Amino acid sequence: MGRACPTPCSSSPPNPSTHPIHPRAAELLLVLHGALSVGFVDTAGKLYTQDLAVGDMFIFPKGLVHYQSNPGQSPAVALSAFGSAAAGTVSVPVTVFGTGVDDAVLAKSFKTDMPTVQKLKAALTPPAKK
């Protein structure tokens with residue numbers, strides 16, 4: 001169980017390098033204060049979105065890329081619960097750009113050039129641990 005407090009005009013997670021997938025559990029989100037816009041992308045690539053107000057709930061299915069953002073002018077508070085004590089968290093950007101996949105492979109996969117891949121890596125992955 002967790003509590004999220006997205007600030008106005010922000011998205012959660014606030015750091016895109018932690019954008020999650022929970023491979024072992026669905027996530028239930030309950031809005032306690034303010035409003036949130038939420039969404040997920042299914043396995044066919046279809047985006048599902050919903051605007052939530054106080055008292056609204058939303059379920060993010062297990063294993064799918066999802067987000068929540070606060071488009072409002074005041075803070076929002078939400079409570080999340082998972083269908084497993086070990087829901088797991090996989091960061092999409094870190095998994096794609098921070099695990100040593102060759103830049104040439106990423107450039108070809110994303111139909112872009114290597115300088116663009118290097119910019120994405122720099123922006124989306126945490127600094128190397130010392």
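A short reminder: the numbers here are calculations on the coordinates, not readings from a lab. Please read these numbers as outputs of a predicted model, since none were measured by experiment. No Cβ is skipped: glycine too gets one built from the backbone with ideal geometry, and neighbour counts run over all protein chains shown.
In a simple Cβ point-charge model (Lys, Arg +1; Asp, Glu -1; nothing else charged), the stretch 33-127 has a dipole of about 160 debye relative to its Cα centre. With θ taken as phi - 60° and the Karplus curve 6.51 cos²θ - 1.76 cosθ + 1.60 applied, the whole-hertz 3J(HN,Hα) list for the stretch 54-59 is 3, x, 7, 10, 8, 10 Hz, x standing for glycine and proline. Each peptide in 23-36, 43-56 was scored by the mean count of other Cβ atoms within 10 Å over its residues; highest first, the order is 23-36, 43-56. Rounded to whole numbers, the Karplus 3J(HN,Hα) couplings from phi for the stretch 61-72 are x, 4, x, 10, 5, 8, 8, 9, 9, 10, x, x Hz, using 6.51 cos²θ - 1.76 cosθ + 1.60 with θ = phi - 60°, and x at Gly and Pro.
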